[in-house]
Amino acid sequence: MIIKSFVLIEKDSKYLLIQEASNKWRGKWFLPGGRVKKGEAPDDAVTRETLEEAGCRVKLEGIFYIKCYDGFFSNKLHIFYTGTIEDNSIKTFEDKHSMGARWFTYDEVRSLPVRQKMIKILERHRKYKGTMSAKNFKMIFFRSPIKKLI
């Protein structure tokens with residue numbers, strides 16, 4: 001199973017997005033985050049990825065969306081957290097992790113070239129605004145059989 005974790009950071013009615021540097025998604029905008037490494041907890045992965053891709057430290061608040069993909073060749077689990085930025089600086093240069101990060105209003109995001117499902121993820125967050133504690137999720141997550149797959 002492939003597990004990825006992402007974080008939605010909202011500040012002053014704007015969302016922090018990173019511009020992808022990977023060949024598959026180059027130039028597209030999305031939330032900071034990515035693949036969970038073997039032995040790594042999803043919340044640790046998303047904080048690491050946010051520092052690499054957006055150049056900032058994040059404090060996770062909770063989980064607002066979980067998506068499972070049950071495919072013929074692979075199974076995927078995507079975990080979407082909410083968080084707050086712990087410093088005001090963000091990455092403005094390109095490297096192997098991203099082409100940089102920027103703040104956008106919801107309307108601006110709607111006009112950007114974004115990765116798949118980005119608008120639906122934002123709409124879900126805007127509609128429900130609820131989260132589950134990341135700490136509680138971690139306890140549930142690691143008591144489940146999924147732990148063996150990490």
Cα centroid separation - the range 1-72 against the range 76-116, whole Å: 8 Å
Taking only the alpha carbons of the chain, what extent do you get along each of the three principal axes, in Å, biggest first? 39, 32, 26
Lysine pairs in the range 23-94 with Cα atoms under 18 Å, if 8 or more residues apart or on separate chains: 6
Helix 118-128: inclination vs the chain longest Cα principal axis, degrees, rounded to 10, gives 80 degrees
Build a GNM of the chain with springs between Cα atoms under 10 Å: which of 101, 21, 54 gets the top mean-square fluctuation? 21
Taking only DSSP H segments of four or more residues, each worth -39500 (n - 2.57), what value at 222 nm results for the chain once the sum is divided by all its residues, to the nearest 500 deg cm²/dmol? -7500 deg cm²/dmol
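Values in this text are rule-based calculations from the coordinates and carry no lab data. The shown structure was predicted, so the numbers you read here are calculated from the model rather than taken from an experiment.
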